[in-house]
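Notes for the one structure printed next.
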Amino acid sequence: MTSPHTEAVNGQLPHEPEKATLEGRNKVLGFWLFLGGEAVLFGTLFATFLALRDQTVEGPTANDLFHLPLVGAATFILLVSSLTSVFAIQAMHKHNVKKLISWLIVTVILGLGFLSLEIYEFYEYVVHKNFGMTTSAFSSAFYTLVGFHGAHVAFGIAWIGILIGQLYKKGLTVVTAPKIYVSAIYWHFIDVVWVFIFTVVYLLGKVV
Amino acid sequence: MDWITTVDHKKIAILYLMAGALFFGIGGIEAILIRIQLMEPYNQIVSTQIFNELITMHGTTMIFLGVMPIIFAFMNAILPLQIGARDVAFPFLNALGFWTFLFGGILLNLSWLMGGAPDAGWTSYVPLASTAYSDTHGVDFYTIGLQIAGLGTLIGGINFLATIITMRAPGMSFMRMPMFAWTTFITSAMILFAFPAITVGLVLLTFDRILGANFFSIEGGGNPVLWQHIFWIFGHPEVYILILPAFGIISEVIPTFSRKRLFGYSSMVFATILIAFLGFMVWAHHMFTTGLGTIANALFSISTMLIAVPTGIKIFNWLFTMWGGQIRFTTANLYAIGFLPTFVMGGVTGVMLASAPADFQFHDTYFVVAHFHYVIVGGLVLGIFAGLTYWWPKMFGRLLNETLGKITFWFFIIGFHLTFFVQHFLGLLGMQRRVATYAPDQGLDELNYISTIGALLMGVGVILFLINVVITFRKPADAPNDPWEDGRTLEWSIPSPPPEHNFTQIPLVRGLDAWWKEKMAGNTKMTPAEPLGPIHMPSATPLPFLMSVGIFIAGLGFMFSNDEFGNGFMNFLFNNYIVVIIGLLITFGSMAARSLFDDHGWHIDPEELEDKGAKI
């Protein structure tokens with residue numbers, strides 16, 4: 001078993017520092033497994049939403065509510081943040097810590113932008129469209145699915161924020177690298193889920 | 001303190017075992033109370049409300065808090081040893097999984113003391129579980145307690161998967177893994193794909209009850225059948241999550257005490273995978289009477305019956321393993337042999353229930369109760385007793401008393417069949433499950449009386465087992481490495497109980513039943529796969545415990561957030577979510593501490609290992 005090293009192996013960081021130790025490899029593998037579970041979690045939420053999306057009772061329907069330009073902007077911001085997290089990982093593989101930190105900060109800012117748009121969207125619905133958690137089965141399913149995703153984004157922002165702090169304090173090592181790599185996978189996963197939400201919730205809501 | 005901070009998988013296994021025993025005892029007492037209430041017609045030992053709470057808590061406790069942790073105890077104690085690993089992949093998460101499980105279980109059981117236990121049945125069907133029909137906090141304890149406990153199970157599943165994938169000893173290919181390791185692997189994969197579904201289901205029910213959402217309320221456009229789908233897409237795989245590890249245990253015990261290798265090893269592996277796969281395909285067989293339609297019923301009926309094929313393969317393989325073997329009737333083997341006919345009977349009634357038209361007759365009668373108790377008690381609990389007796393010396397260094405063990409076995413198995421065999425007939429005679437009493441002279445009186453006597457005998461069996469444990473702990477821990485002398489797998493090649501680092505040198509695996517192979521080659525120890533060197537160990541930490549305490553506090557806070565307390569200060573604390581926030585701060589604070597302060601663990605030096613007279 002390889003033990004973790006605070007310093008790089010032989011004073012030099014390997015090309016893929018996230019896979020240099022058994023702990024690192026375990027972390028990456030374990031995280032992929034965790035995402036398998038997350039996929040089931042979101043799958044169940046999607047199934048619930050699809051089952052209840054027409055159950056609006058007397059409340060507003062999807063067509064009354066959704067404003068595609070706003071959602072489109074949020075989608076664009078989130079997709080770009082996925083790209084910037086790829087740049088961050090590329091910088092990590094080149095051992096360029098400065099660039100890595102910068103791209104992570106950009107990613108976090110874009111994530112915050114997305115989250116602000118979502119909060120604004122929810123605020124509009126609740127205050128101006130009379131559409132809250134208790135309005136109808138559709139509203140409950142909508143807020144739960146989209147809100148769960150939003151909570152994942154918020155968690156990702158906090159997590160990557162802490163990792164930026166770690167990078168400042170400890171630099172890039174075989175201990176920090178797997179964490180950053182894993183957080184990037186998580187961020188892509190959130191993005192993929194959002195693509196499904198954009199399609200199933202918003203586009204389909206506008207069509208029917 | 002040592003136990004609160006430990007990250008050693010063998011100690012966590014003992015914690016799981018103790019917690020499981022505690023909850024198993026609570027669930028058992030609930031079961032005995034149910035049987036005493038049903039002993040005679042029009043009995044009024046408990047009120048109907050208490051009866052509803054008893055049946056709900058008995059099912060919930062046994063499934064989620066009783067047998068799951070005991071299975072996890074075996075997985076933790078034995079799996080790393082069987083695959084030649086020094087530890088699990090994530091020791092920290094392992095501890096976290098245990099503590100979240102324990103605090104979830106405690107939260108659920110606090111309901112007895114805090115204004116009413118859940119009373120909607122262990123399946124918590126809506127609208128019974130809605131605030132309209134269940135207005136105490138009982139179901140909130142169910143949703144939030146199980147949520148927290150389920151988190152621990154999911155963490156454990158991921159941990160075992162990663163451990164098996166990356167940490168097998170050199171030479172231990174997948175097709176050389178012991179069957180128990182295989183069933184752990186498949187079970188963990190099932191946990192990974194089944195538990196998130198119930199996570200969502202519990203969230204939806206919590207939101208319905210606490211935030212006033214409309215997922216399951218018909219007035220709000222919700223759909224109660226949706227709950228059933230979500231519950232059973234988790235719930236059916238859960239049955240196999242429970243039984244597959246028992247299959248694994250039986251597949252270890254029977255070859256050991258038959259002095260033969262397991263017959264049809266590779267077919268056993270593929271049968272396990274097939275059962276897991278089919279287990280996800282059949283959830284709607286719990287819902288034949290909800291009106292899914294004939295096509296859906298037919299498909300789910302056929303897919304359910306298909307499971308009999310891989311299960312039959314397993315049964316015949318066990319029989320062929322014994323065939324021509326030198327069978328030793330030790331206590332562990334008695335349980336394993338007792339398992340075979342019992343489980344077959346549970347399987348046969350399973351095929352009967354899988355036939356949709358017949359199920360309309362059997363539905364919600366004691367026939368169903370008899371069926372699943374034959375599977376879960378006659379299958380799983382006998383498997384657990386076999387495993388306990390078999391691995392006790394490895395876990396604790398002491399052999400359980402064989403004579404007392406055999407007496408226990410006979411009490412338990414006779415009591416079991418007395419209790420549940422007659423329930424088949426009670427069901428066919430029309431006795432409904434989940435009802436607090438019944439009218440006399442319908443032909444139900446004698447059979448119910450017999451059933452209760454059987455339950456009491458099972459209770460005596462469990463008490464005898466506990467006496468056996470106490471007697472055993474008064475003796476010195478002097479069990480040899482391989483106390484059964486016919487041990488086949490790697491755990492029997494190291495001392496009992498194993499040292500903290502398990503293997504001083506990781507062994508080289510040269511075939512299926514690695515330790516047996518070395519013994520047959522005349523070796524007294526495994527060939528090491530690596531030179532003696534320093535061993536890296538993870539440090540003990542209180543953080544997993546603190547994180548779980550935080551989640552526990554937050555759960556309680558959330559549950560009472562809408563309540564009106566007599567006391568202004570309490571209202572302020574709960575209604576403003578201050579308790580929730582304090583709990584979450586403890587949890588996230590511990591997570592941040594874990595993240596910011598690296599702990600690199602410690603090393604055991606080779607010199608130190610030789611001082612201790614390291615074996616291998």
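How much length, in nm to one decimal, is gained on full extension between B:A296 and B:L429, taken as 0.36 nm per residue of separation minus their Cα-Cα distance?
Answer, rounded to one decimal: 45.0 nm.
Helix A:97-128: angle to the longest alpha-carbon principal axis of chain A, degrees 0 to 90, nearest 10?
Result, in degrees: 10.
Give the calculated FRET efficiency between B:V225 and B:T131 to the nearest 0.05, with a Förster radius of 22 Å applied to their Cβ-Cβ distance.
0.70
Can you tell me how the range B:477-527 classifies by the Cα gyration tensor, rounded, prolate or oblate, using a/c under 1.5 as the rounded cut?
oblate
Could you state the principal axis extents of the C-alpha atoms in the range B:404-503, from the largest down, to the nearest angstrom?
Each principal axis gives a Cα extent; for the range B:404-503 these are 63, 27, 23 Å.
Assign unit charges at the C-beta atoms only (+1 for Lys and Arg, -1 for Asp and Glu), then state the dipole size of the range B:521-616 relative to its Cα centre in Debye, rounded to the nearest 20.
Approximately 260 debye in magnitude.
Could you work out the relative contact order of the range B:111-166? I mean the mean sequence separation of Cα pairs under 8 Å and 6+ apart, divided by the number of residues, in percent.
This gives 32 percent for the range B:111-166.
Which entries in the list B:K260/B:K475; A:K179/B:K394; B:K11/B:K525; A:K27/B:K517; B:K475/B:K525; B:K260/B:K525 go over 29 Å, if you measure between the two C-alpha atoms of each?
Listed pairs above 29 Å: B:K260/B:K475; A:K179/B:K394; A:K27/B:K517.
Using +1 on the beta carbon of Lys and Arg, -1 on that of Asp and Glu, and nothing else charged, what's the dipole of chain B about the Cα centre, debye to 20?
Computed charge dipole of chain B: roughly 1600 debye.
Mean Kyte-Doolittle of at least 1.0 plus a Cα span of 27 Å or more along the axis: flag which DSSP H helices in chain B meet both, please.
B:9-37, B:91-110, B:138-166, B:179-206, B:224-258, B:331-354, B:402-428, B:445-473
Once you have the alpha carbon radius of gyration of the range B:154-282, what is it after dividing by 2.2 N^0.38 Å, with N set to its residue count?
1.36
Explain nothing, just the number: dipole magnitude of the protein assembly as shown about its Cα centre with +1 on each Lys and Arg Cβ and -1 on each Asp and Glu Cβ, in debye rounded to the nearest 20.
With only Lys, Arg, Asp and Glu charged at Cβ, the dipole is about 1960 debye.
Give the Rg (one decimal place) followed by the Dmax (whole number) of the range B:52-164, computed from C-alpha coordinates and expressed in Å.
My reading of the Cα-based Rg and Dmax gives 16.2, 54 Å.
Which translational diffusion coefficient, to the nearest whole µm²/s, is obtained for the range B:545-591 from the Stokes-Einstein equation, given a Kirkwood hydrodynamic radius over C-alpha pairs, 10 °C and 1.306 mPa s?
For these conditions, the coefficient is 152 µm²/s.
Quick check on chain A: helices-only [θ] at 222 nm, where DSSP H runs of length 4 and up contribute -39,500 (n - 2.57) each and the sum goes over total residues. Nearest 500, please.
-25500 deg cm²/dmol
Based solely on its DSSP helices, what 222 nm [θ] is calculated for chain B when runs of n ≥ 4 H residues each add -39,500 (n - 2.57) and the sum is averaged over all residues, nearest 500 deg cm²/dmol?
Helix-only estimate at 222 nm: -21000 deg cm²/dmol.
Let me make sure I get this right: for the range B:1-62, a, b and c are the square roots of the gyration tensor eigenvalues over alpha carbons, sorted descending. Under 1.5 in a/c it's rounded, otherwise prolate if a/b > b/c, else oblate. Which is it?
prolate
Over 48 Å apart: what share of the alpha carbon pairs of chain B falls there, rounded to a whole percent?
Across chain B, Cα pairs with separations above 48 Å total 13 percent.
Enumerate the lysines that B:K406 could reach by cross-link, defined here as Cα to Cα under 17 Å, with residues fewer than 8 away along the same chain left out.
List returned: none.
Residues of the range A:180-195 with backbone nitrogen within less than 18 Å of a virtual label 7 Å along the Cα-to-Cβ line of A:H93, please, listed as ranges.
Backbone N within reach: A:180-189.
Alpha carbons only, please: Rg and Dmax for chain A, in angstrom.
For chain A, the Cα-based Rg and Dmax read 19.7, 68 Å.
Counting only heavy atoms of protein chains, what accessible area per residue, in Å², does the range A:67-167 have with a probe of 1.4 Å?
Heavy-atom accessible area per residue stands at 42 Å².
Along its principal axes, what span do the Cα atoms of the range B:308-460 show, with the longest given first and each in whole Å?
52, 36, 25
Sequence neighbours fewer than 8 away in the same chain don't count; with that in mind, list the lysines whose C-alpha is under 23 Å from A:K129.
Within the straight-line cut-off, A:K129 pairs with A:K206.
Please give the length that would be gained between B:F174 and B:I414 if that part of the chain were fully extended, namely 0.36 nm times their separation in residues minus their C-alpha to C-alpha distance (nm, one decimal).
Net length gain for the segment: 82.5 nm.
How far, in degrees from 0 to 90, does helix A:176-197 lean away from the longest principal axis of the Cα atoms of chain A, to the nearest 10?
The angle comes out at about 20 degrees.
So for the pair A:L29, B:I578, with labels modelled 7 Å out along Cα→Cβ, what separation do we get in nm?
Rounded to a tenth, the inter-label distance reads 4.8 nm.
Just the number, please: carbon plus sulfur as a percent of the accessible area of the protein assembly as shown, 1.4 Å probe, no ligands or DNA/RNA counted.
69 percent
Let me know the Kirkwood hydrodynamic radius for the protein assembly as shown, please, with Cα pairs as the basis and the value in Å to one decimal.
About 28.4 Å for the protein assembly as shown.
If R0 is 56 Å, what FRET efficiency do you get for A:V126 and B:Q442 from their C-beta distance, rounded to 0.05?
With a Förster radius of 56 Å, E is 0.50.
Helix A:22-52 versus the longest principal axis of chain A: what angle, 0 to 90°, nearest 10, using Cα atoms?
It is inclined by approximately 0 degrees.
Relative contact order for chain A: what percent, with Cα pairs under 8 Å and sequence separation of 6 or more?
36 percent
Using alpha carbons only, how many angstrom separate the centre of the range B:246-271 from the centre of the range B:375-411?
18 Å
So if each residue of separation counts as 0.36 nm, and I subtract the Cα-Cα distance between B:L113 and B:E485, what length gain in nm does that give?
Contour length minus the Cα-Cα distance gives 129.0 nm.
Could you give the nm distance between label points at A:T61 and B:S47, where each point is 7 Å from its Cα heading toward the beta carbon?
4.9 nm
With r defined as the distance between the Cβ atoms of B:R474 and B:F597 and R0 fixed at 41 Å, what FRET efficiency is calculated, to the nearest 0.05?
0.45
The values are calculated or read from the model by the stated rules, or taken from the named source; none is laboratory data. All values derive from a computational prediction rather than experimental measurement. In this analysis, Cβ positions are derived from the backbone assuming ideal geometry, glycine residues included, and neighbour counts consider all displayed protein chains. These area figures cover heavy atoms from the full protein model, side chains too; ligands, DNA and RNA do not enter into them. Shrake-Rupley method; radii C 1.70, N 1.55, O 1.52, S 1.80 Å.
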